[in-house]
1. Could we say that Ile96 is outside the structural domain of Gln20 (by TED's automatic domain parsing) and either surrounded by 14 or more Cβ atoms within 10 Å (Cβ to Cβ) or at pLDDT 90 or above (or both) here?
2. Can you name the helices (runs of 4 or more DSSP H) wholly within segment 1-70 that have at least 1 residues being modelled with pLDDT of 70 or more and within 15 Å of Ser84 (Cβ to Cβ)?
3. Give me the pairs, please: first residue somewhere in segment 77-90 and closer than 13 Å to Glu57 by Cα, second residue anywhere and buried (at least 18 other Cβ atoms within 10 Å of the Cβ) and among the small types (Gly, Ala, Ser), beta-carbon distance under 7 Å, and either six or more positions apart or on two chains.
Amino acid sequence: MQDYKTELLQQIANDERRPQKEREAACRELAAGGQAPRRRRRNSAPITQDDRDADIENWYHRDLLDKNLTSTDRNEIFNGFDSSTQAILDAFGSNILWLFTNNEAEVPVLIEAAKNTKSDFIRSKALMTLGAIARNSTIETAKAAATDFLTQQENQ
């Protein structure tokens, strides 16, 4: 597994199409022997909104599209995120189940994501997801909360 990880990090570091930050991070991890410290674990610095936005955008623009990543790699990446980032990604990704499960808990997560993000991509995705809940949810309280927030956004 370590050889695969080292090989993947080397590919990232050498890929000039990737953002400079990603390439630099891969180089740092390679220099550290593939054991980069996880800033999102216990006793680490709190995650900033910029960090969260970058993690979410990278999840969609790079991590899920990278053909070299296995499901284990994706799970490891996902588990490295803080709980609030995971909650946002879960809320974005659970739209297939909306008609069959209680999505009431996702509405406040999506509202906070839309309010706090500095990313147009994330704001758009949160609003689109809230719109789907407002139209399709079988849970009336979730549907009403999503509709109310979207109406407030339109009136601003």
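The values are calculated or read from the model by the stated rules, or taken from the named source; none is laboratory data. The structure presented is a predicted model; accordingly, all values stated were derived computationally and were not measured. Cβ sites come from the backbone with ideal geometry, for glycine too, and all protein chains shown count toward neighbours.
1. Judged against the criteria, Ile96 is not a match.
2. Result: 49-58.
3. Within 7 Å, the pairs are Ile88/Ala113.
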